[in-house]
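Notes to accompany the following structure.
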Amino acid sequence: MSHTFGRGVRLSTRAEYTAVQDAGRRVSGRYLTLLGRSNGLGRDRLGIIASRRVGGAVVRNRAKRRLREIFRREAPEAVRDDRPTVDFVAIARKELAGAPFADVDADVRAAFGKLRNLIR
């Protein structure tokens, strides 16, 4: 998998987000709520929701950049582990943008792992 966040690894339509939210599993972490649903596409995909509750535009964009970077680092490991591929929807919390990156990284990776175990 490439190390970019291109069209192939994003959820882009409202229908894709709604399908994950309606039929997916949910895991909560300190910095986000993560929803996921098996997709059968051979690659993981990510959609991010950062509402105004997270903060202004700058803060929301920082939170989204952090989540995308963690997903980029996580995605190659997921394919290597021969796990089912998943559509993820990450709902950012206010604390995500201001917390140290290492803490956010650990929390988000733990949420990815918990959710993958639920979907198996």
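Out of (1) part of a helix (DSSP H, G or I); (2) hydrophobic (A, V, I, L, M, F, W, C); (3) farther than 15 Å from Leu11 by Cβ, what's the single condition that is false for Val54?
(1)
If you go through the range 95-108, how many residues are crowded, with 16+ Cβ neighbours inside 10 Å and either over 15 Å from Arg26 (Cα atoms) or over 9 Å from the mean Cα position of the chain (by Cα) (or both)?
Residues meeting the conditions: 6.
Show the residue pairs that are 6+ apart or on different chains and have beta-carbon atoms under 8 Å apart, the first residue being within the range 107-120 and without any contact (Cβ under 8 Å) to a residue 40 or more places away in the chain, the second being open to solvent by less than 30 Å² (accessible area, probe 1.4 Å).
From the range 107-120, the pairs are Arg109/Ile70; Arg109/Glu74.
What are the residues in the range 5-51 that are open to solvent by 40 Å² or more (accessible area, probe 1.4 Å), within 22 Å of Arg66 (Cβ to Cβ) and assigned to a strand (DSSP E or B), if any?
Within the range 5-51, Arg10, Arg26, Ser28, Ile49 qualify.
Kindly list, by first and then second residue, each pair from a residue in the range 67-88 that is within 17 Å of Ala50 (Cα to Cα) and in a helix (DSSP H, G or I) to a residue that is open to solvent by 20 Å² or more (accessible area, probe 1.4 Å) and at pLDDT below 85, limited to pairs with Cβ atoms under 8 Å and residues at least 6 apart or on different chains.
As it stands, the answer is Arg68/Phe5; Phe71/Phe5, since those pairs meet every condition given.
So that you can scan it fast, the table gives a plain yes or no per residue for (1) of a type in the set (D, E, K, R); (2) under 12 Å from the mean Cα position of the chain (by Cα):
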residue	(1), (2)
Gly8	no, no
Leu11	no, yes
Ala19	no, no
Arg37	yes, yes
Arg53	yes, no
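The values are calculated or read from the model by the stated rules, or taken from the named source; none is laboratory data. Nothing here was measured: the structure is a model prediction, and the numbers come from that model. As a convention, Cβ positions derive from the backbone with ideal geometry for all residues, glycine included, and neighbour counts pool all protein chains shown. All accessible areas refer to the heavy atoms of the entire protein, side chains included, with ligands and DNA or RNA removed. Shrake-Rupley method; radii C 1.70, N 1.55, O 1.52, S 1.80 Å.
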